[in-house]
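Just below is one structure, and these are the notes that go with it.
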Amino acid sequence: MQTKIGLEIHCQLTGLKSKLFCSCGTDYRGKEPNSNVCPTCLGLPGTLPLLNKKAVEFASMISLALDCRVPEEIMFYRKNYFYPDLPKNFQLTQYNAYGITSIGVDGSLQYGDDKVARIRRVQLEEDPGRVVYESGSMEKSLYALVDYNRAGIPLVEIVTEPDFSDPKDVRLFLNKITSIVEHLGVCDTKLEGSVRCDVNVSVQGGLRVEIKNVGSFSEAEKAVRYEIARQKTMVSRNIEVKAETRHWDDARKITKESRSKEEEQDYRYFPEPDIPAITLGKDFVLSLKPSMPELPDARKERFISALGLSPHVAQVLIENKELADFFELTIKLYNSPKEVANWIVTDLISFVDEKDREGGNLLAGLKVGPEHIAELARMVEQNTVNRTMAKQILGQVVRTGEMPSVVARKSQATRIADSSVIADAVEAVFKAEQSAVADARQNPNAANFLLGKVMQLTKGRADPKTALELINKKLRETT
Amino acid sequence: MQSLYRLGVAEVVQGVTSREFSAEEYIHQLLERIERVEPKINAFITVSKSSIDQARIIDRKIRDGEKVGPLAGVVVAIKDNICTKGMRTTCASKMLDDYVPPYDATVVDRLQQAGAIVIGKTNMDEFGMGSTTEFSRHGATRNPWDINKVPGGSSGGSAASVAALECTVSLGSDTGGSVRCPASFCSVVGFKPTYGLVSRYGLVSYANSLEQIGPLGKTVSDVASVMNVIAGFDEKDNTTAAGRPSYSVDKRPLRVGLVKEFVEGADEQVSKIISNSLDVFAKVGCQCEETSVASVQYALPSYYTIATAEASSNLARYDNIRYGFDMNPEGYEWNTYFSKARSNFGEEVKRRIITGSYVLSSGYYGKYYLKAQQARSILIRDLKSLFKKYDVLVGPTMPILPFNMGEKVDNPLTMYLVDVDTVVANLTGIPAISVPAGFARNGMPVGLQIMADAFCEQTLIDAASMFETEAKVQRSPEL
């Protein structure tokens, strides 16, 4: 029996202006604690929830993007449990055990090259507040504080079937989900805590272990890897794997037993009487579909068929909406899709540091805009600079934000035009790279390699045109 | 000096707006009256001194020729589970001992907009759970007709304050009869509107799917005047129906059905008075006959199942973290603190929370909660078909006469049985009214309950008004 992994993904609908059941804003981050609250989201006696209709629309779009069935009537349920971050000591959510009434059900999503995961359900619910420990951790704190600014933020939960077995697939799937919600404009996944994930793992037909508190998608893969290793080690030593809820320790990168004894909780679900059942009707889905933004898969298809990109390049672009948007803005300035895409996918991305890459924050650390790449691509295609030069120019652009033409001009000023100086460099390279020289005599393209070495030796200051002429001349001479 | 405190709504508005007497004179008389009778009755938890300022504002407006509302100068007592901004709202519970709401309930807001003056907050059974107003942290309210008898409940303070002439009208809330029961026991008019007609925003929830705020007054006309102000759509309550209705009092022949099951189960003196009431209707040209609704036998168990289920969840928020009473959380693990704080609920409330948690627990949901909802559907269907034959259904409001204080407090089951005739209207959502029908040999009042189809309050008001005019039983107790 193989490893089974299922996911419960939480996505805040940050694209909404107000909370799920009151008019407080969704922009709670960085606000003074308990300032983004009202009687309703504090659960004060006598208050009633007022459903944010736009949230229903957003959650429906997610459901449709995941190929779910959207029922004609949806309902909210109360999930009853006591916790200090829950103002009413119940959470308003959706529930399907007494009839399908959640916003989406029975969907599937293709990810990676040809993999598919089934979606069990999509549901709309409210985020709880936050418990803040005085010294950072529960163990070491004398007291805890509760901040209800987050309480009532609209949340969509996506529950998959246990269709994963490889942690790498978990990452690919979560990347796809990220791209989808970004494309729909419903969730800014870069905001801290806007996407979270609980994972369920079982190995070799054993019992299911749930891991909570996985604070970001990039952590999910690590949590799964750790948990699989833990369970397999236990099995190999004949230790029984218990069905339990564990917590992901972000600092130590391990899963650990929950301190509070979480027995099988009875949430006593029942329909929320204060929110009458919402009739979406037959036409709801039909009317919503045409107004939905373009999804990543459709965009990829368009990049391939209309713009002539390779499937690989198109895939890299659509996996990150920011990158795909950047690409489209750039080709508006300089319409050469393939050239532009290659600069983005192979060269620009190589400048992104590891941390930003993990957070999906590809371009934040780079001082580069579409105008830079557009100009660079044009300079290359018009032969104003060669590719080697252009790459060096880009390296400076991302650090300083200067236009490529400015960088090129500056390097022109320090350029070595004196052919005797360049000839010395060529001489030196020919001595050091004899096998490459031999190679270049057979294959004219290999001369570029020698040019690269000459440029390296002159710190990029040699005039490449002169250098190449000298190289070719020397190749002919010594034949 | 004229006894202004005896006046009804129309006389007060007429007197104040024509400046025959001032709102200030009127409120002073009522405050004096309260001071005199409260030691015997204990109808109020809070008496508002600022009501005098409100009266002065009304008088000034009238002097200045400004527009005043349809209830100018009318003095209202509000049940202490309806939120009043800046005025303590305790639900007669220790759990909300120090709770001062930051907002007004919609009904309070509408009353004040209409020129009414809030004189104070009335006593009740804790969180509306009880039928005698004995389960109050502030001591029991006494029946103005005999201070050794219970006034009914849970809006006992609202009924007793009207009967004892401490206000013009009052507001109660009716979850299973809590307006009509005390109205019957205190010989005043009590009205339970159709579910969704009056906003519940600001009513502290006991059982949201069953309850409505309703007015109590000395006459049907008084109650109708209040309904004209408080009824109608409220954007703050998703369960309110569209429109703002307006009611008048008409006399017209109606088809009246006497519900056999209600009469048969009642005390002999009650049955006799209620059966005689048919003659009153016949005298004004109504068509009267006896009818039967077999499914009412399911009403009481269904009611207690649904009401306690909802209550167990609604009352979960009282954990004394965000508001409540004076208790220091320092030194407790939060679970322990919750338990300790929540042990301050009264016995009856605890009983209902435990019952409600039980009927919702996994494995029992289908057996109890779902079954109760099915019975509810049957009852709705049966009454719907009966309302094709009859304009109104009548019977006793209470199956028994007001009983001695303390008589049933230790026997919850016999206490629950007294709600057998009133819960039907809550389960089915239909409007119902209790009007004084006569007095038993010991001088204790008997109330006639009239029910009409959903949103047929005009029919109900017409029937009640015809009965009231013809039966001539309205009077006030000697105090």
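Just so you know, all these numbers are worked out from the coordinates, no wet-lab data involved. Please read these numbers as outputs of a predicted model, since none were measured by experiment. All Cβ positions, glycine included, derive from the backbone under ideal geometry; neighbour counts span all protein chains shown.
In this structure, the pairs whose alpha-carbon distance is over 28 Å, taken from B:Lys79/B:Lys218; A:Lys232/A:Lys321; A:Lys168/A:Lys253; A:Lys19/A:Lys115, are A:Lys232/A:Lys321; A:Lys19/A:Lys115. Among B:Arg376, A:Arg476, B:Arg342, the order by Cβ neighbours within 10 angstrom, fewest to most, reads A:Arg476, B:Arg342, B:Arg376. Relative to the dominant Cα principal axis of chain A, helix A:217-236 is inclined by about 70°. Per-residue Cβ neighbour counts within 10 Å put B:Arg381, A:Arg150 in the sequence B:Arg381, A:Arg150, beginning with the fewest. Annotated for the range A:419-477: lysine pairs at least 8 residues apart or interchain, Cα distance under 17 Å, count 8. Sorted fewest first by neighbouring Cβ atoms within 10 angstrom, A:Thr346, B:Thr168 come out as A:Thr346, B:Thr168.
Taking only Cα atoms, what is the 0 to 90° angle, nearest 10, from helix A:296-305's long axis to the longest principal axis of chain A? Once rounded, one gets 30 degrees.
P(r) tail for the range B:73-225: Cα pairs beyond 28 Å make up 8% of the total. Rounded, prolate or oblate: which fits the protein assembly as shown when a ≥ b ≥ c are the square roots of the eigenvalues of the alpha-carbon gyration tensor, with rounded for a/c under 1.5 and prolate only if a/b beats b/c? Since a/c reaches 1.5 and a/b is larger than b/c, the shape of the protein assembly as shown is classed as prolate.
About its Cα centre, the dipole of the protein assembly as shown is roughly 1460 debye, where the only charges are +1 on Lys and Arg Cβ and -1 on Asp and Glu Cβ.
Per residue of A:28-40, other chain Cβ atoms within 10 Å of the residue Cβ number 1 on average. Among the listed pairs B:Lys251/B:Lys389; A:Lys4/A:Lys256; A:Lys79/B:Lys371; B:Lys121/B:Lys340; A:Lys176/A:Lys300; A:Lys332/A:Lys355, those whose Cα-Cα separation exceeds 23 Å are B:Lys121/B:Lys340; A:Lys332/A:Lys355.
Dimensions of the range B:67-108 along the principal axes, based on C-alpha atoms and rounded to the nearest Å, stand at 40, 17, 13, largest first. Positive contributions from Lys and Arg (+1) and negative ones from Asp and Glu (-1), summed over other residues with Cβ under 13 Å from the Cβ of B:Thr219, come out at +1. Taking all Cα-Cα distances within the range A:419-477, those exceeding 18 Å account for 19%. Taking other residues whose beta carbon is less than 11 angstrom from the beta carbon of A:Val203, and scoring Lys, Arg as +1 and Asp, Glu as -1, yields +3. The phi-based Karplus calculation (6.51 cos²θ - 1.76 cosθ + 1.60; θ = phi - 60°) puts the 3J(HN,Hα) values of the range B:441-449 at 4, 7, x, 7, x, 10, x, 9, 9 Hz, whole numbers, x for Gly and Pro. In a reduced charge model with +1 at each Lys and Arg Cβ and -1 at each Asp and Glu Cβ, the range B:4-230 shows a dipole moment near 100 debye about its Cα centre.
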